[in-house]
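Readers should treat all values here as calculations from the given coordinates under stated rules, not as data from a laboratory. Please read all numbers here as calculations on a predicted model, not as lab measurements. Cβ coordinates were reconstructed from backbone atoms using ideal geometry, including for glycine residues, and neighbour counts include every protein chain displayed.
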Amino acid sequence: MTKLYVVGLGPGGRESMTLSAIEAINNSQVIVGYKFYVDLIKDMLEGKEVISTGMRREIERCRLAIEKVKEGFVTSIISTGDAGLYGMAGPILELAEDIDVEIIAGVTSCFAAAAELGAPIMHDFCSISLSDLLTPWEVIEQRLECAGAADFIVALYNPRSRGRSMNLKKAVDILLKHKKPDTPVGIVKNAGREGNQKVITTLSNIDYEFVDMTTVLIIGSSSTYIKGDKMITPRGYKFDMDHWGNM
């Protein structure tokens, strides 16, 4: 039976892919994806038809994947991170009719980045994309205001590009109305894949030139702190330190 898999590859490194993602790709006759995503798994594609496109052609890729399934081919449409978070799951389900679709979860970038930073997302958090290509900037501003006022840990996706060089600075200025300047911030570039870099700093000391579209920022809550080279947000567990000290 033909099927369309909507696959989240995770950050991009094979070690971070789920077994379900690997199985879906192995079972597929056709792989559809943005060229960068396809290159991440090129060693898995022998004998498969590969359809790749450039940036900003998401709907075209979705239609091509659906067409291949209707032609009788088991197909995977791939993206990094999780397919259900800024990925292909939504548009596929909106467009698909009379085909079998299975969503394959992946490790999203903020979780990969959090693991590298320590434990910054141990309590309530939200993710906000700073790309205003599909969401009006006024809506993004409102979400930032609410997240800051609610003291959420905030993961920022798509923080800065050449065409949107000031969006991150605008976002930080909004959050600084609600968060202290010394709030810990973790900045991870290429989380979980080649070219990985990370910096732990504070909200008032972000190096904006370091940040690009491959970067995720995790901005702490009022309880987040830095311990050595790690960020920690306490969950609220009670520790008997005297007990531990006597062991």
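Listed by chain and number, the lysines whose C-alpha is less than 29 Å from the C-alpha of Lys169, apart from same-chain residues fewer than 8 away, are Lys177, Lys179, Lys180, Lys189, Lys198, Lys227, Lys230. Phi-derived couplings, Karplus 6.51 cos²θ - 1.76 cosθ + 1.60 at θ = phi - 60°, listed residue by residue for the stretch 184-200: x, 9, x, 10, 10, 9, 6, 4, x, 8, 4, x, 5, 9, 9, 9, 10 Hz, with x used for Gly and Pro. Want the number for Asn27 to Thr2: 0.36 nm per residue separation, take away the alpha-carbon distance, what's left? Between Asn27 and Thr2, full extension yields 8.0 nm more.
For Lys68, the lysines whose Cα comes closer than 19 Å to its Cα, not counting residues fewer than 8 places off in the same chain, are Lys3, Lys35, Lys48. Extending 7 Å from Cα along the Cβ direction at Trp137 and again at Phe239 yields two label points whose distance is 4.3 nm. In plain terms, the residue of Met88, Met166 with the fewest other Cβ atoms within 10 Å comes first and the most crowded comes last, giving Met166, Met88.
Adding -39500 (n - 2.57) for every DSSP H run of four residues or longer, then dividing by how many residues the chain holds, sets the calculated 222 nm ellipticity at -8000 deg cm²/dmol. Electrostatic bookkeeping for Ser16 treats Lys and Arg as +1 and Asp and Glu as -1; over the other residues with beta carbon under 13 Å from its beta carbon, the sum is -2.
Checking (1) 36, 21, 16; (2) 45, 19, 18; (3) 42, 20, 17 against semi-axes √(5λ) of the Cα gyration tensor in Å calculated from these atoms, the matching label is (1).
When you restrict to C-alpha pairs under 8 Å that are six or more residues apart and normalise by the size of the stretch 40-96, the relative contact order lands at 28 percent. Starting from the Cα-Cα distance between Arg63 and Ser222, subtract it from 0.36 nm times their residue separation and give me the gain in nm to one decimal. Taking 0.36 nm per residue and subtracting the Cα distance, the gain is 52.8 nm. A simple spin-label model places the labels of Cys146 and Asn205 3.3 nm from each other, with each point 7 Å out along Cα-to-Cβ.
Averaging Cα coordinates gives a centre for the stretch 15-85 and one for the stretch 158-188; these two points are 32 Å apart. For the chain, the residue among Ser161, Ala147, Leu9 whose Cα projects farthest onto the positive side of the dipole built from Cβ charges is Ser161.
Computed from phi, the 3J(HN,Hα) profile of the stretch 39-47 under the Karplus parametrisation 6.51, -1.76, 1.60 (θ = phi - 60°) reads 4, 5, 10, 4, 6, 9, 9, 4, x Hz, with x in place of Gly and Pro. As a proxy for reagent exposure, ranking Glu138, Glu23 by other Cβ atoms within 10 Å from fewest up yields Glu138, Glu23.
Below 15 angstrom from the Cβ of Val188, what's the summed charge of the other residues (Lys, Arg +1; Asp, Glu -1)? Net local charge, Val188 excluded: 0.
Note on the chain: dipole from Cβ charges, positive end direction compared against Pro91, Val107, Asn196; the farthest Cα belongs to Asn196. Sorting Glu194, Glu58 from the fewest to the most surrounding beta carbons within 10 angstrom yields Glu194, Glu58.
For the chain, the relative contact order is 20 percent, taking Cα pairs closer than 8 Å that sit 6 or more residues apart in sequence and dividing their mean separation by the residue count. Computed about the Cα centre, the dipole magnitude for the chain is approximately 560 debye when only Lys and Arg (+1) and Asp and Glu (-1) carry charge, each at its Cβ.
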